[in-house]
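First comes the structure, then the notes that go with it.
The values are calculated or read from the model by the stated rules, or taken from the named source; none is laboratory data. None of these values were measured; they are calculated from a predicted model. Glycine gets a Cβ as well: all are built from the backbone with ideal geometry, and neighbour counts include every protein chain shown. What goes into the accessible areas is simple: the full protein's heavy atoms, side chains included, and nothing from ligands, DNA or RNA. Shrake-Rupley method; radii C 1.70, N 1.55, O 1.52, S 1.80 Å.
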Amino acid sequence: MNVSSAVVRARGLVRTHGRGPGRVRAVDEVDLEVPQGQTLAVMGPSGCGKSTLLHLLGGLERPTGGEVWMDGRRIDTLSERALARMRRRSVGFVFQAFHLVEELTAAENVELPALLAGRSRRQARRRASLLLERVGLADRARHLPSRLSGGQRQRVAVARALVNDPLVVFADEPTGNLDTAATLDVLRIFEDLRAAGQTLVIVTHDERVAATADRLISMRDGMFVDDTRLAGTGTGTGTGTGTGTGTGWLGGLGGLIGLEG
Amino acid sequence: MGSVVLVVRLVLADLRRHKAQAAMLLLAVTVATATMALGLSLRGVSDALYEQTRAATAGPDVVALSGDTGPAVTAALASLADAPEVIAHHGPYRIVYATLSTRDSISSPVVVQGFAETPGAVNRPLVTSGRWVRSGGTVLERGFATALGVGVGDHVTIAGRSYPVVGIAVTAATSIYPWAAQVGPGGGPSDYSGLAWMTRADARTLASSKDLPVTSALDLKLRDPAAADAFRHAHRASDIRINFHSWQFTAVQDMVILGDSQPILVVGSWLLGFLAITGVAALAAGRAVEQTRRAGLLKAVGAAPGLIAAVLLTEYLALALAGDALGLVIARLTVPAIASPTASRIGDAPGPGGATVATATVLAVAVAVLSTLRPTLRAMRTATVTALSATAHQPRHRPWLTALSALLPTPLLLGLRLTARRPGRAVLQACSTATTVIALVALLTINAQPERGYGLDGSFALPNLRGEHDRRLMLAVTVLLVALAVVNTITFTWTTAMEARANMAVARTLGATPGQISAGLSAAQLLPSLPGAVLGVPLGVGLLSLFAARNAAEAPSASLLGAVLATLVATAALTALPARLAARRPVARILSAEAA
Ligand SMILES: Nc1ncnc2c1ncn2[C@@H]1O[C@H](COP(=O)(O)OP(=O)(O)OP(=O)(O)O)[C@@H](O)[C@H]1O
Ligand SMILES: [Mg+2]
């Protein structure tokens, strides 16, 4: 089934909202392939369907038509339960509004997906502390989200998205709520991820964020109007850690950790 | 004046927006106050019915009963009639102890009183159908006839001889069915028996032909009916043993058949009121954020704290008082059926008295105030700006719980964390479950009580009316309690689901399945239900021991265990539906709504 190195693939993807004259085509006949290790930025005016596209690719929403493939497996036909399992193993989400669990500390938020995926408490804790250190928040591990700044919260959210060593990270305007300094912190982490070969799909309004990508897609009215390979920063296909080829979830961390120093 | 208009307008707007919630408060208060008003009215209604029967039948002030018969007894009784306090009398007359059988071969002990064909000035039984005694025919007391299912024109066999039933009548001279005998042969204890009248000659023939036990009685009318007890004491020292039954004593005896009804209804109404408070408090807490924000808005436009409190309280008080009024009407309509399980008394049941109305209203107001006190106070205290920006409640971190829950399967983990989020609601859910189990324990215990039927030798051909009445009332109260508890459980689950929807949606993006989410929501309700159900058993047993007779039987442990398990299974089933509905909601939409 490994026709291409595409981690995420969509064919004729359609998503409509509403009925009759008020019907909106949020995503309109979109074809997409995201190869392993690519950082893809999606830009476009508000309401053009960027978030919807991300939700469809990550299995949070079901398409009205078309197909979605994740790591060679078709996911738009999966049951809710199987979709949840798929997300657990293969996908990490980062949202503009952070969406941290307010009652849990930074570390516990990061551990949560690992525990959901059935890791032992000890494994989850070790993994969380590595990742928090990685995003520069080791000293804030025991803080509740309400005691963190926006930038810190978003870095916790990134750490949480990475905890199960996902095939692909989907980020929906991850810097939309952040000031310049915090945006730069998050960008630096994305740079590192890209260098480590992590597949990334980032929806953004921010040119600085888009500039870190290998590829930029512009959307309008649910359709792709432009698809550009960005020169210079790109590293091409994933030569990093070979995620998804059987390396253990801790093994995958090796490349990631090594990058900081 | 302007502020009254404002309060009314705000209250009406709020009621329109929260119809289901308003209906629930109204219903809960109605049920609780109706039950309480019923329980408190029983005594008054029983007294009133006795009073009306006494007036309609020229009821005696004192009945003198001797355990024997013969010239000496007759003379002793007759001498009582000459006492200066006495203004009229009836008798002495014979009371014959026999067995009565109907054509359907229902048999019962019966006491036959020998009366004149033309009734005298005292103790004139009121014929409610047919006619008064004549030679060869018998008149049955109405409570007895109703229990037997016998009417005028039927034949009954008394001590082997067939008599036509020529009439049905009531009297205030004896206790209600089945305590008409009042004393047994020889002045000893009596069985459950019915009452029949015959002519004096027929009664004499009946007694002598079969050599049946006979006692004598005399009905007395006193100058001062209130002095019936004084008369009793003054004439006790006779050499022949005579039992005096004052009319007040007979009136109190009428309550014996309702002896358990009153605690069932009154304690039941406490429990119903308690469930109403827990349910409404959960709803009010669920709306606390919205209310706090509204209070902030009102403050921002210059409303005084008093006005804010007035709006919040007025709504709940108005609903509670409406429920109170409705409950009192329901109590008024149902009390005749409940206060008189036998047909031995006549008359109309009066409405609930002033004290009953006041107590029921206090209960209704207590439900309204207790369930809204916290949100009201919080809304008044919170500073305007904080209130305007009020979001979810301030999260609290419970590290030990998080540590513990990490060891558990995902649904339990989610459930435990949800429970920890709202400890107050967990307590309410536990209390609600405990109340259900208390009611079930009471129901099982009442059903486990040994009893004798009213038929011959305790046969259930004539059922034990008191036991049946108790069981029916207990069943009704239990059904109401369970219904409120069901509503509470569904409310709790739904409120929890709505409050936790953002976190649950996040958990789903992290790979939790809808099944795990709904199992988690169910677990959040089941976890506190478990200690609630277990505690309910000792609480129920303890509560019953306050009212039960010393020799009361306990319900079998197996059935108590069954009740606990059934409650838990039912809770799990009830939480499943709202939890599933909540877990089905699309993740993406919840998250974008939360971010907005
Ligand atoms: N649940 C919904 N019901 C109806 N219409 C919807 C729904 N969700 C999204 N839409 C519509 O679909 C279109 C695309 O929405 P989407 O959120 O994907 O846009 P976006 O590109 O992410 O915008 P923004 O940059 O503002 O986040 C919009 O026109 C929106 O109104
Ligand atoms: Mg968007």
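Miscellaneous remarks
- Inter-site label distance for A:SER5 and B:VAL256 at 7 Å from Cα along Cβ, in nm: 9.8 nm
- Qualifying trypsin sites (Lys or Arg not before Pro) in segment B:479-581, DSSP loop, other Cβ atoms within 10 Å at most 14: B:ARG550
- Calculated FRET efficiency for the pair B:ALA230/B:ASP348, C-beta based, R₀ 35 Å, to 0.05: 0.65
- Peptide packing: for B:512-525, A:202-215, the average count of neighbouring Cβ atoms within 10 Å per residue gives the ranking B:512-525, A:202-215, highest mean first.
- Average beta carbon contacts from partner chains per residue of A:56-63, 10 Å cutoff: 3
- Separation of segment B:253-276 from segment B:416-472 is 12 Å, based on Cα centroids.
- Entry note: chain A has Rg to Rh equal to 0.95, where both radii use alpha-carbon atoms and Rh is the Kirkwood radius.
- Under a Gaussian network description of chain A, with springs only between Cα atoms under 10 Å, the residue in A:SER79, A:SER90, A:SER51 that fluctuates furthest is A:SER79.
- Restricting the calculation to Cα atoms, the protein assembly as shown yields a radius of gyration followed by a Dmax of 40.1, 133 Å.
- Straight Cα distances below 17 angstrom link B:LYS19 to the aspartates and glutamates B:GLU290, B:GLU315, with same-chain residues fewer than 8 positions distant left out.
- Descending principal axes extents, segment A:96-196, alpha-carbon based, whole Å: 37, 31, 22
- Of every Cα-Cα pair in segment B:471-515, the percent that sits beyond 15 Å: 61 percent
- Cα gyration tensor category, rounded, prolate or oblate, for segment B:396-596 with a/c compared to 1.5: prolate
- Test item: A:90-103 mean partner chain Cβ contacts at 10 Å: 5
- Averaged over peptide B:586-592, the number of partner chain Cβ atoms lying within 10 Å of each residue's Cβ comes to 6.
- Note that chain B, at 25 °C in a medium of 0.890 mPa s, gets a Stokes-Einstein diffusion coefficient of 87 µm²/s from its Kirkwood radius over C-alpha pairs.
- Principal semi-axes in Å for segment B:65-119 [√(5λ), Cα gyration tensor, largest first]: 30, 14, 8
- Most fluctuating residue given options A:GLY151, A:GLY118, A:GLY197, as computed from a GNM of chain A linking Cα atoms under 10 Å: A:GLY118
- In this view, the solvent-accessible surface of B:ASP229, computed with a 1.4 Å probe and all protein chains in place, comes to about 60 Å².
- Of the residues B:ALA325, B:LEU65, B:GLY194, the one whose Cα sits farthest toward the positive end of the charge dipole of the protein assembly as shown, with +1 on the Cβ of Lys and Arg and -1 on the Cβ of Asp and Glu, is B:ALA325.
- Using the Cβ-Cβ distance between A:ASP226 and B:ARG16 with R0 = 51 Å, the FRET efficiency computed as 1/(1 + (r/R0)^6) comes to roughly 0.50.
- Note on surface exposure: A:LYS50, B:LYS210 rank B:LYS210, A:LYS50 by accessible area, highest first, 1.4 Å probe.
- Full extension of the chain segment joining B:THR205 with B:ALA121 gains 27.7 nm, where the gain is 0.36 nm per residue of separation less the Cα-Cα distance.
- Value of relative contact order over chain A, rounded to a whole percent, pairs C-alpha under 8 Å and six or more apart: 26 percent
- Kirkwood Rh and Cα Rg combined as Rg over Rh, evaluated for segment B:68-240: 0.97
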